[in-house]
1. Per residue of the chain, what 222 nm ellipticity follows from adding -39500 (n - 2.57) for every DSSP H run with n ≥ 4, rounded to the nearest 500?
2. Treat the count of other C-beta atoms within 10 Å as a stand-in for reagent exposure and order 106, 211 from fewest to most.
3. Using the Karplus equation 6.51 cos²θ - 1.76 cosθ + 1.60 (θ = phi - 60°), what ³J(HN,Hα) coupling, rounded to whole Hz, does each residue of segment 238-252 give in order, writing x for Gly and Pro?
4. Looking at the square roots a ≥ b ≥ c of the eigenvalues of the Cα gyration tensor of segment 259-316, which shape do they give, rounded for a/c under 1.5, prolate if a/b is larger than b/c, or oblate?
5. For residue 134 paired with residue 233, estimate the spin-label separation in nm (one decimal), with each label point 7 Å from Cα along the Cα-to-Cβ line.
6. Mind giving me the FRET efficiency for residue 2 and residue 284? R0 is 41 Å, r the Cβ-Cβ distance, nearest 0.05 is fine.
7. How high is the relative contact order of the chain, given as a whole-number percent (alpha carbon pairs under 8 Å, six or more residues apart)?
8. When only C-alpha pairs under 8 Å and at least 6 residues apart count, what is the relative contact order of segment 2-136, in percent?
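No value in this document is a laboratory result; all are computed from the given coordinates. These figures come from a predicted structure and were not determined experimentally. As a convention, Cβ positions derive from the backbone with ideal geometry for all residues, glycine included, and neighbour counts pool all protein chains shown.
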Amino acid sequence: MKVKLILPALTEAESPFWRPIKYSLFPPLGLATLAAYLSPEDTIDLQDQHIETLNLEDNPDLVIIQVYITNAYRAYSIAQHYKKRGAYVILGGLHVTSLPHESAQFADTIFIGPGEDTFPQFLKDFKNKCPEKVYTSRIRTLEGIPPIRRDLIKRNMYLVPNSIVVTRGCPHHCTFCYKDAFFEGGKSFYTQVVDDALAEIERLPGRHLYFLDDHLLGNARFAYQLFDGMKGMNRVFQGAATVDSILRGNLIEKAAEAGLRSLFVGFETFSPENLKQSNKKQNLQKDYVLAVNRLHSLGIMINGSFVFGLDSDDRGVFERTVEWGVKNAITTSTYHILTPYPGTQLYTEMQQQGRIVCSDWNMYDTRHVVYKTMSITAEELENGYHWAYKEFYKWNNIVRSSINHDSLKHQLKHFFYTGGWKKFEAVWNFLIKTKNLHNMLPILESVLSKVRQKSPQTNKTEPLQQRALIDHKF
Ligand code: SF4
C-alpha cells in the first residue's frame, strides 16, 4: 500500500512575520510515530510543508493529514484534492479533536484524541475494507508502542532533528490549553516506560535532545528515573516544565545533572487574578524570581512564555513583562496574545459571554485578537504584543539581560543564544536554503554546554529549596 503522511504548513508560517527558522526546528514526530504502525511492505512518503514543497501529483492509497487550527483550511483543501484522486483520506490532530463535525466533512475517517490505540485498529479495519468514520481514543498507554520511524524524517532540514516525547499530556488544567479537549474521555497524562524512553534516547545520534513534552517534570517518579538513567549518557537537552515543579524537591537538580541546559517555563502572567481566570493554580503564589534564580544557579537558560490579554491586563502589562524578563536574565521570551481555541474551557466561557468575534481559524495564531477584550482595546493588545517582541530583542536589552548572570560563561552563552536566535535571520535563511541546518547542531551543543555550578559556599540552591517550601506572593 502507498501511504502519504502530510503536515500542511501553518498559515502564520507564510505571514510577513514568518521566520523560516521557527518552522524548521522540529520534524513531524506525531506522523513518524503513526508511521511505525504501518507494515514494512508499505511505501511511505512523509512530507512536511514547512520545509519542502508538497508533491500533490502522486496517487497514494491512504493519505493521513495532521490538522492544527491554523493549517486547517489548507489541510481540508489537500484532503479534497486527494479524495478527488481516489485516495482514502484520514484527518487527526488537535483541531480535528476540537471540531470533529467540521473536519469530518473533508475526510473519509477522522481521529479524535491521540492515535496510539485507534490507529492500529483503523489499519486492521482498513485492510478488511470496513473502516469506521470516526475513531475515538479511549485506551491511553505508551507501553509497547513501536519505535518511531525516524528514518522517514529528513534530518538535515531541521535544526533539532533529535526531538523526542516521552510523556503525553500534562497533569494541569489551564483553561486556555488544548490539553483537556484533546485527552477528553481518558487519561490526560501518562508516560512511557522509563526503559523504553531511555532506549529511544540511545537510538538518537549526537548529543543534543529536545523534549517536546508539555511538562517533562510532570510525573516526578518517572522524571527521577529518566534522569538517573540519562546520567553518563553525555547528553545536553532542552525541555519544558512548570514554575511549581522547578521549586519543588530536588528534581530540577537531577535534570541539570542529566544534561538539562535550557527550559521553557510557562510564567504566562504576573497577576493572581489572571492566573485564577486561567485556572493556572500551579503558578499561584509561586515566587517566579526564586524559580528563575534556581535555574540560573544550575546553569539552565530560560525560555519564558507570557500571555497578553487576560482580563486583568492593563496597558502597562507589556512594559512590565519585558522589563521583568530583561532584569531577570530570561534568555528568550515567547509572547502570545490570549487565544481561545475551540474545545477549550476558555472558548466555551467566551462564547457564552458573546465575546468571540472571529471564527476565521487562520487568525487563531496567537498574534491576532479574536475576542472582545476587557481592560485594553484589541488594537492596544496587538500593538503591545509586537512592541514587546521588538523591545525584548533589542541589542541593548540582550546585553543588559546577559550581564545579569553571575558567571562570564553564562553571560556569553545567553548573549550568543539570544543574539544567534533572533538577530541572524539571513544566516538562518541561507542555511535552510542550502539544506545545511543540521550543521549548526555542534554549535548549538556547545552553546548548551555546562556552566559550572556555584561552589557550596555560594550555592544558592539549598536556601532556595528551603524557601520554595514557603508560599511567596509576587
Ligand atoms: S501547564 Fe501547560 S500544558 Fe499543562 S495544562 Fe497548563 S498550559 Fe497546558
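1. Details: 20 runs with 176 residues, N = 474.
Roughly -10500 deg cm²/dmol at 222 nm, from the helical runs in the chain.
2. Working: 106 21, 211 25.
By the 10 Å Cβ count, ascending: 106, 211.
3. Along segment 238-252, the couplings run 10, x, 9, 7, 8, 4, 5, 6, 6, 7, 8, x, 10, 5, 5 Hz.
4. On the way: a/c = 2.51, a/b = 2.12, b/c = 1.19.
Judged from the Cα gyration tensor, segment 259-316 comes out prolate (a/c at least 1.5, a/b above b/c).
5. 3.9 nm
6. Working: r = 52 Å, r/R0 = 1.27.
The calculated FRET efficiency here is 0.20.
7. Details: 855 pairs, mean separation 68.3, N = 474.
The normalised contact order for the chain reaches 14 percent.
8. Numbers: 210 pairs, mean separation 31.9, N = 135.
The value is 24 percent.
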